[in-house]
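Visitor: Would you mind keeping the following structure in view while I ask a few things?
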Amino acid sequence: MNVKQPIIIDCDPGIDDSLALMLALNSPELDILGITVVCGNVPAQIGAQNVFKILEFTGHENIPVFLGSQTPLQKPYIDAMDTHGKDGFGEFEYFCKQKKTPKPDAVEFILETLNSIPKLSIIALGPLTNIAQAIRIDPNAFSHLDRFVSMGGNFRSHGNCSPVAEYNYWCDPLAAKEVFSFFEQKADASYPKIEMVGLDVTRKILLTPNYLEYMKRLNLEIGSFVENLTRFYIDFHWNVEHLIGCVINDPLAVAHFLCPKLCSGIEAFTDIAVEGICEGQSVVDSMNFYKKPSNSLVLTYVDTKHFWSLFFSRLLHISESIILLDGGSL
Ligand code: RIB
Ligand code: CA
């Protein structure tokens, strides 16, 4: 019997965060000790309400939700409601049966849990404000961290907030810089690296109308929920990039955590630009110009069929064996 992996998910739900939570909540390998919310796609209070919606829909209301940073460390807060809707849930009117209130102080929860649970891992799906604040307060709490997965950044792929910057690191560049700098200071053979799940791989994960139709055929209730949740996001992708479908970034970070064989990449020193035209850019030193210790594993390849097989089987509660990806219906 495999031991469940204790994790905290830090997120800014957000449509793709919500899908990532659905994947994590349907994965028995994970022991989700708590979900912490950070300001990002939407203000943290709104994001917390979206977490409650997902916990109720998936039947995991017992998992505690904590409210985190309401603003970035230094940069004025810029949301992504244009992408995720004013409610951060694609303006899909899903109402929880009862009003829930998040527990206060996500950063305190992160530190308490790091100090009490050996081999804790963190999956960060939003700006790194909560994580940076936790490091500022008690860096030693991260001494026994098992893994740290961050959806964010980009290596060779263009940005989505500027020509060179991805939203999570662009929204709070100072937080991202401080987190990458911390992992640089800790860098040695035994300490984990930031597993950076950036746009280079997440852009390959395109949820299409065909996939949505397939999901509804296999499980009408869940497929319809996902279709309603992503409609706004699909419209955004058509209006901005003339893409049919929507790039679901955050579920890949969870899938990578569950199955490290899914993706591959390079170990490198990475730093984050915090000002000027390149603000928020993740600068990946793949050629080791700076001769600095590598603090990150930057993912550059993803086995998309394997991802969809895992994603569909977990969200729809079906065996991977009946997912038809090779020449079948997908
Ligand atoms: O750039 C994409 C990332 O920013 C995703 O995590 C999305 O949810 C937003 O947080
Ligand atoms: Ca996110």
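Visitor: Most fluctuating residue of Val240, Val107, Val37 in a GNM of the chain with Cα springs under 10 Å: which is it?
Guide: Comparing Val240, Val107, Val37 in the GNM, the peak value goes to Val240.
Visitor: Same structure again: With +1 on each Lys and Arg Cβ and -1 on each Asp and Glu Cβ, and nothing else charged, work out how big the dipole of the chain is about its Cα centre, in Debye to the nearest 20.
Guide: Its charge dipole is roughly 400 debye.
Visitor: Still on this structure, please answer the following. At R0 = 41 Å, how high is the FRET efficiency between Phe289 and Ile137 if r is their beta carbon distance? Nearest 0.05 is fine.
Guide: 0.80
Visitor: Could you give the nm distance between label points at Lys4 and Lys100, where each point is 7 Å from its Cα heading toward the beta carbon?
Guide: 1.6
Visitor: Next question, about the same structure. Looking at the chain, what % of its DSSP beta bridges pair antiparallel, to the nearest 5?
Guide: Given both bridge residues lie in the chain, the antiparallel proportion sits at roughly 35 percent.
Visitor: Which of rounded, prolate or oblate describes region 167-211 when judged by the alpha-carbon gyration tensor and an a/c cut-off of 1.5?
Guide: The shape class here is oblate.
Visitor: Distance check, please: which entries in Lys193/Lys291; Lys53/Lys261; Lys204/Lys291 exceed 22 angstrom between their Cα atoms?
Guide: Where the Cα-Cα span goes over 22 Å, the pairs concerned are Lys53/Lys261; Lys204/Lys291.
Visitor: Can you order the peptides 50-60, 123-133, 250-260 by their average number of other Cβ atoms within 10 Å per residue, highest first?
Guide: The most tightly packed comes first, giving 123-133, 250-260, 50-60.
Visitor: Charges only on Cβ, +1 for Lys and Arg, -1 for Asp and Glu: so what's the dipole of region 163-252 about the Cα centre, in debye to the nearest 20?
Guide: That gives a dipole near 200 debye.
Visitor: Next question. Comparing Leu218, Leu199, Leu310, which has the greatest mean-square fluctuation in the GNM of the chain with Cα pairs linked when under 10 Å apart?
Guide: Leu218
Visitor: Using Cα-Cα distances under 8 Å and only pairs 6 or more residues apart, what relative contact order does region 175-264 have, in percent?
Guide: It comes to 29 percent, rounded to a whole number.
Visitor: Using alpha-carbon pairs under 8 Å, 6+ residues apart, how would you state the relative contact order of the chain in percent?
Guide: Result for the chain is 19 percent.
Visitor: Here is a further query. Would you work out the charge dipole size for region 209-330 about its Cα centre, treating the Cβ of every Lys and Arg as +1 and the Cβ of every Asp and Glu as -1, and quote it to the nearest 20 debye?
Guide: 320
Visitor: Just order 38-45, 153-160, 72-79 by mean Cβ neighbour count inside 10 Å, highest at the front, would you?
Guide: With the highest mean Cβ count within 10 Å placed first, the list reads 38-45, 153-160, 72-79.
Visitor: With unit charges on the beta carbon (Lys/Arg positive, Asp/Glu negative), name the residue among Met215, Leu128, Phe236 whose Cα is farthest towards the positive pole of the charge dipole of region 105-247.
Guide: Toward the positive end, the furthest listed residue is Met215.
Visitor: Here's another thing I want to ask about it. Compute a Gaussian network model of the chain, connecting alpha carbons closer than 10 Å, and tell me which residue from Arg147, Arg203, Arg217 fluctuates the most.
Guide: Largest GNM mean-square fluctuation: Arg217.
Visitor: Which distance in nm do the two modelled labels at Ser321 and Thr71 give, with both placed 7 Å along the Cα-to-Cβ direction?
Guide: Label-label distance for Ser321 and Thr71, simple model: 5.7 nm.
Visitor: Still on this structure, please answer the following. How large is Rg over Rh for the chain, taking Rg from the Cα atoms and Rh as the Kirkwood inverse mean of 1/r across Cα pairs?
Guide: Rg/Rh: 0.94.
Visitor: Further, regarding this structure: State the answer as a single residue: which of Leu145, Leu111, Leu73 lies farthest towards the positive end of the charge dipole of region 70-157, with beta carbon charges of +1 for Lys and Arg and -1 for Asp and Glu, about the Cα centre.
Guide: Going by the charge dipole, the pick is Leu145.
Visitor: Give me the extension gain from Met81 to Asn219: residue separation times 0.36 nm, minus the current Cα-Cα distance, reported in nm with one decimal.
Guide: Length gained, Met81 through Asn219: 46.8 nm.
Read-outs: derived from the displayed coordinates by stated rules, not from any lab. Predicted model, so just to flag it, every value in this text is computed and none were measured. Cβ atoms come from the backbone with ideal geometry, glycine included; neighbour counts cover every protein chain shown.
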